[in-house]
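These notes concern the structure reproduced below.
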Amino acid sequence: MIELRPFESLGSANHGWLQANHHFSFAGYHDPSRVNWGALRVWNDDTIAPKSGFPTHPHSDMEIITYVRKGAITHRDSMGNEGRTEAGDVQVMSAGNGVQHSEFNMDDEECTLFQLWIIPSERGGEPSWGARKFPKDDRAGQFVPLASGIGNDDDALPIRTDARVLGATVKAGESVTYTPRDASRHLYLVPATGKVKVEDVEAKARDGVAITQRESVTITALEDSELVLVDAA
């Protein structure tokens, strides 16, 4: 099954400083057919105005992965962590039994990012946070795990769930194939930039593509593209 979810069909909310677009039900947007995709619960496509952001707020029992597409986001939390994550890089917060954090765009340009929430395999545990710069060349023409709770993804940021978040850059006319460990997995693909064909389904930048019951899936770039893919139970 391959289902296209066009960007125009997503839930959205304009808060002035924040333009939020929701692939799944979130806050004031509710669509009973788009509550989650396997363990993937949230995929928000956010644009944050300069010198603004999310004030301190709590989370628990969720794996929260932030993929910055443009600009940078600055994170502070109740564990004493502080870090700046720039375009193309990733931060992960395992909320565990509870944490408070803030995220601000401290720069003079807008910040765009994907924030993903994945349900953990077990509740509770001590919260944690980490961020990493990923060499962009490592993603050329292949999917590279960025955050993962699956064995052997040693270079990825750890998450406490049976899932992985992968990134790839693909040049126009080239293809990449992804093979989950079994066909029951829930794959969700969003081109951050560019335009692609997922088998015979065409998707443009910021569209979502929900995939399951596939032994493998081949993505062909119709334009130079940057891809983010979640593989979840």
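The values are calculated or read from the model by the stated rules, or taken from the named source; none is laboratory data. Note that this is a predicted model, so its numbers are computed, not measured. Quick reminder, even Gly has a Cβ in these numbers, built from the backbone with ideal geometry, and neighbours come from all protein chains shown. Quick note on the areas: whole protein, heavy atoms, side chains included, nothing else; ligands and nucleic acids left out. Shrake-Rupley method; radii C 1.70, N 1.55, O 1.52, S 1.80 Å.
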- Which of the residues belonging to segment 104-145 are over 15 Å from residue 68 (Cα atoms), part of a strand (DSSP E or B) and touching a Lys or Arg at 6+ places or on another chain (Cβ under 7 Å)? 118, 145
- Item | strands (runs of 3 or more DSSP E) lying entirely in segment 1-95 (those with 2 or more residues that are of a type in the set (Lys, Arg)) | 63-70
- Item | Residues of segment 47-75 satisfying the condition of being farther than 18 Å from residue 147 by Cα and buried (at least 21 other Cβ atoms within 10 Å of the Cβ) | 48
- Item | Test: residue 129 is among the aromatic types (Phe, Trp, Tyr) and either more than 18 Å from the chain's Cα centre (by Cα) or open to solvent by 50 Å² or more (accessible area, probe 1.4 Å) (or both) | yes
- Task: Would you point out which residue out of 148, 175, 216, 225 is touching a Pro at 6+ places or on another chain (Cβ under 8 Å), surrounded by fewer than 19 Cβ atoms within 10 Å (Cβ to Cβ) and modelled with pLDDT of 95 or more?
- Result: 216
- Task: Output the residue which, of all residues in segment 178-199 that are farther than 27 Å from residue 35 by Cβ and of a type outside the set (S, T, N, Q), is surrounded by the most Cβ atoms within 10 Å (Cβ to Cβ).
- Result: 194
- Query: Given the conditions (1) under 19 Å from residue 233 (Cα atoms); (2) touching a strand residue (DSSP E or B) at 6+ places or on another chain (Cβ under 9 Å); (3) exposed (fewer than 13 other Cβ atoms within 10 Å of the Cβ), and given that residue 2 satisfies all but one, which numbered condition is not satisfied?
  - Reply: (3)
- Message: With the structure loaded, tell me whether residue 31 is surrounded by 15 or more Cβ atoms within 10 Å (Cβ to Cβ) and modelled with pLDDT of 95 or more or whether it fails that test.
- Response: no
